[in-house]
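Single-structure report; data block below.
The values are calculated or read from the model by the stated rules, or taken from the named source; none is laboratory data. What you are looking at is a predicted structure, and each value in this text was computed from that prediction instead of being measured. Counting neighbours? That spans all protein chains shown, and the Cβs are built from the backbone with ideal geometry, glycine included. The accessibility values were calculated without ligands, DNA or RNA, using every heavy atom of the protein model including side chains. Shrake-Rupley method; radii C 1.70, N 1.55, O 1.52, S 1.80 Å.
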Amino acid sequence: MKLVAVIFDLDGVIVSTDEFHYLAWKQLAEEEALFFDYQMNQRLLGVSRMESLAIILENSSKEYSFTEKEALAQRKNQYYKRLIERLSPRDILPGVNAFLAKLRKQGMKMAIGSSSKNCPLILEKIGLADAFPVVVDGNQITNSKPDPEVFLTAAARLAIAPENCLVIEDAKAGVTAALAGNMKVLGVGAAATDERATWRAADLTEVDLQSIIF
Ligand code: BG6
Ligand code: MG
């Protein structure tokens, strides 16, 4: 099956923001006396803000109302936005710019499929606001990864059948979402060891585009 479109996850694939998400959740967890560690953080990769909070609150004995949960998520986002204030093109992950240039040369269609509501702000900060003709993010979807909605919406907007799309993902939830959407997946970063991925690489410097596309 010929691949004609590539749908990129944003956080952990295009740009290194995961540490900032981690630090922001950690600050909130400390202030609220909630348990939070690196292992728990791994479960937040690719997952929406409210679902991330639900994972953090799993072990809490206190019951939080919906309004309280919204306030907590908003506070985390304030900490996160402060941390990404100085995000710049230097934070683009290794191999990304060269990979995008190769895809453009091949005439491949490109999109972003991200759970993040900060996606437009981040793309602006790293100088890639105009790099993707289609951007589907957390502001536009109802069901977050592992549901395939974000990728299926991106494919529909590109007018490409899901089986002709390659998703590039660093999160387990994202790999699940892409496979559920009947797409091929290249696992990078944390997903470089995910055996369900169609292809795997530590980062995009290691990817031989020709062997994937054809
Ligand atoms: C994903 C991240 O891209 O976006 C998750 O991997 C994050 O860790 C999610 O929770 C939602 O992000 P935001 O920016 O809307 O809080
Ligand atoms: Mg990611």
The chain: calculated mean residue ellipticity at 222 nm from DSSP helix runs of at least 4, using -39500 (n - 2.57): -12000 deg cm²/dmol
Mean separation of Cα contacts under 8 Å, 6 or more apart, over the residue count of the chain: relative contact order %: 27 percent
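Got the relative contact order for the range 18-84 handy, in percent, Cα pairs under 8 Å and 6 or more residues apart?
Working: 43 pairs, mean separation 31.3, N = 67.
After rounding, I find 47 percent.
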ALA180/SER88 FRET efficiency (R0 25 Å; Cβ-Cβ; nearest 0.05): 0.15
Pairs beyond 30 Å (Cα-Cα), from LYS102/LYS172; LYS69/LYS184; LYS26/LYS125: LYS69/LYS184
Under 5 Å, built H, 5+ apart or other chain: amide partners of LYS184: CYS165, VAL167
Karplus 3J(HN,Hα) series, Hz, for the range 175-187 with 6.51 cos²θ - 1.76 cosθ + 1.60 (x for Gly, Pro): 5, 4, 4, 5, 5, 5, x, 6, 10, 7, 10, 9, x
Computed lengthening from SER60 to TYR38, 0.36 nm per intervening residue step minus Cα-Cα distance: 6.2 nm
Cα-Cα pairs of the chain separated by more than 24 Å (percent): 40 percent
Area of THR193 that stays accessible when all protein chains are in place (1.4 Å probe, Å², to 10): 110 Å²
Estimated distance in nm for a label pair at THR142 and ASN77, the labels positioned 7 Å out from Cα along Cα-to-Cβ: 2.0 nm
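Any chance you could run the full-extension gain for ARG104 through TRP199? It's 0.36 nm times the residue separation minus the Cα-Cα distance, nm to one decimal. Write down the numbers at each step before the final one.
On the way: separation 95, 0.36 × 95 = 34.20 nm, distance 2.06 nm.
Fully extending the segment from ARG104 to TRP199 adds 32.1 nm.
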Whole-percent carbon and sulfur share, accessible surface of the range 1-116, 1.4 Å: 50 percent
In Hz, Karplus ³J(HN,Hα) per residue of the range 76-85 (6.51, -1.76, 1.60; θ = phi - 60°; x = Gly, Pro): 4, 5, 5, 4, 4, 5, 5, 5, 8, 3
